[in-house]
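> My questions will all concern the structure given below.
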Amino acid sequence: MPTDSPHSNAPTGRHHVVVVGSGFGGLSAVQSLADADVDVTMVSAVGYHLFQPLLYQVATGMLSVGQIAPLTRMVLEKQKNARPLLGVVTHIDLESRSLMLESPGIDGGQIQIPLSYDSLIIAAGANQSYFGNEHFAQFAPGLKTIDHALEIRSRIVNAFERAETCTDPVERRRLLTFVVVGGGPTGVEMAGQIGELANETFVGAYRNINPADARVILVDSGKEVLSSFGPQLGKHARKTLNKLGVEVMSETRVVDIDRHVVTVKEKKTGETRKIPASCKVWGAGVEASPLARHVAEASGAEVDRAGRVHVQPDLTLPGHPEVFCVGDMAAVEGVPGLAQGAIQGGEYAGRRIAALIDGEETVSEREPFVYSDLGSMATVAKYSAVADLFGKVRVYGIVGWAMWLWVHLMGLVGFSNRFLVAASWAFQLFGKERPLMAITNQMLRGREAVQEKKRLGEVQ
């Protein structure tokens with residue numbers, strides 16, 4: 001592969017900060033350095049900042065991709081000391097303080113761009129975890145990327161369309177069965193939205209089927225959904241899901257998935273049963289980017305079961321105070337894998353670097369990172385959400401839903417996106433229409449096609 005290095009050094013001779021990742025942690029780190037006397041290079045495998053908590057609304061036709069994923073280059077347009085680069089970090093050399101970036105080249109090829117750094121902030125996020133059952137991914141996509149969301153939307157709509165023309169009652173039943181795995185916020189939100197599509201949005205739109213006959217099943221290995229929110233909010237979420245026709249299978253784990261069937265096993269009885277289903281969504285777990293294990297091995301740090309690095313109190317690698325790991329990359333006691341944890345970690349890392357450059361503190365004088373628990377939220381259905389605020393106040397129902405709307409609206413980047421999302425929500429508040437349900441064959445088959453081409457070596 002050719003090597004090209006027009007970006008290998010900072011544009012000036014100033015302290016060079018490289019930030020890996022354009023998610024919550026990466027973007028907050030870059031923006032916290034806006035007034036610092038440094039040059040910042042953000043490298044990311046995607047060219048946008050994804051507001052992941054609303055990804056399920058793209059998957060169910062409520063919002064468009066652009067409303068929750070503005071181009072990173074446009075977000076940072078006015079920050080003159082920052083430059084985004086598109087590419088995948090393939091290697092980090094901690095001793096030489098350098099990394100290698102694989103970036104898109106000519107005719108589908110790749111170019112290698114070496115980058116040196118004075119400080120490094122790794123915020124590469126997390127991937128979906130199938131707990132060692134990677135073959136599940138082919139049949140049950142997760143919900144971590146835009147491609148996932150568009151594929152899931154296509155699978156949902158395609159299932160109803162195929163059921164409309166199906167004359168075999170057994171096959172029609174399978175087509176109208178939707179299985180969501182995982183009782184956390186992602187699983188609950190997806191199950192609730194599929195229930196709304198079946199019982200509200202699609203009612204009256206089909207001639208040969210009744211969409212309300214669809215069976216939506218949420219499989220959760222825990223005793224109650226949203227277990228991290230506490231039993232009170234979990235029970236409220238379950239009741240709301242039940243009203244939407246969602247079946248909740250608690251203390252049940254998935255043992256196998258293929259194109260036609262989901263096999264589950266009940267923990268209490270040990271009973272195994274098969275659920276014929278055409279559309280499956282996986283929301284059961286996450287694991288850190290492979291970069292976490294890469295830098296952990298290089299620095300001698302340990303990783304936890306989710307592949308996150310056990311960092312120092314100041315979020316740095318052992319023996320490398322110039323390298324920070326934030327968000328889903330870092331295993332920090334008391335810090336959940338939520339957007340707030342990544343945002344606060346990114347801001348902390350940026351402030352520590354700025355303070356070092358300004359001579360306000362030395363490495364040995366750094367105060368440890370302290371996470372401020374602002375709580376967590378999840379929407380279950382229209383007019384219903386649950387919120388655990390500051391770990392002390394629990395709110396649910398329409399009050400929780402109103403709070404959820406405001407918090408997520410304010411979390412979006414840019415006034416125009418906030419305005420467009422607010423307008424979309426207002427429109428859907430008083431009707432059942434979802435104007436963004438269109439699907440394409442590329443959405444439905446694209447991921448499998450790319451994986452097959454990679455297997456054959458036709459693309460990299």
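> Roughly what percent of Cα-Cα pairs across segment 127-193 reach past 15 Å?
Working: 1321 of 2211 pairs.
Summing the P(r) of segment 127-193 above 15 Å gives 60 percent of all pairs.
> Follow-up. Arrange the following residues from fewest to most other Cβ atoms within 10 Å of their Cβ: Ser424, Ser96.
Values: Ser424 18, Ser96 10.
Ascending Cβ contact count within 10 Å gives the list Ser96, Ser424.
> Per residue of segment 339-349, in order, report the coupling 6.51 cos²θ - 1.76 cosθ + 1.60 (Karplus, θ = phi - 60°) as ³J(HN,Hα) in whole Hz, putting x for Gly and Pro.
4, 4, x, 5, 4, 5, x, x, 5, 4, 4
> A follow-up question, please. Stretched out fully, how many nm does the piece from Glu266 to Leu436 gain, at 0.36 nm a residue minus the Cα gap? Each step should come with its number before you reach the end.
Details: separation 170, 0.36 × 170 = 61.20 nm, distance 3.73 nm.
Fully extending the segment from Glu266 to Leu436 adds 57.5 nm.
> Now, a different point. Towards the positive end of the charge dipole of the chain, with charges on Cβ (+1 Lys, Arg; -1 Asp, Glu), say which of Ile121, Asn81, Ala212 has the farthest Cα.
Result: Ala212, furthest along the dipole toward the positive end.
> So what is the relative contact order of the chain, in percent, for Cα pairs below 8 Å that sit 6 or more residues apart?
Here the relative contact order equals 18 percent.
> As a footprinting exposure proxy, order Tyr348, Tyr48 by other Cβ within 10 Å, with the fewest listed first.
Tyr48, Tyr348
> If each residue's Cβ is checked for other Cβ atoms within 10 Å, how do Cys166, Cys279, Cys325 rank with the fewest at the top? Mind dumping the intermediate values first?
Numbers: Cys166 17, Cys279 25, Cys325 33.
Starting with the residue having the fewest Cβ neighbours, the order is Cys166, Cys279, Cys325.
> Here's another thing I want to ask about it. So how much slack lies between Lys243 and Asp304, counting 0.36 nm per residue of separation and subtracting their Cα-Cα distance, in nm?
18.1 nm
> Then there's this: Under the rule of -39500 (n - 2.57) per DSSP H run of 4 or more residues, summed and divided by the residues of the chain, what mean residue ellipticity at 222 nm is obtained, to the nearest 500 deg cm²/dmol?
Mean residue ellipticity at 222 nm (helix-derived): -10000 deg cm²/dmol.
> Share of Cα-Cα pairs in segment 84-177 beyond 21 Å, in percent?
I get 61 percent for the Cα pairs in segment 84-177 exceeding 21 Å.
Since every read-out is calculated from the coordinates, none of them should be taken as a lab result. Source: prediction; values computed, not measured. With ideal geometry, Cβ positions are generated from the backbone for all residues, glycine too; neighbour counts draw on all protein chains shown.
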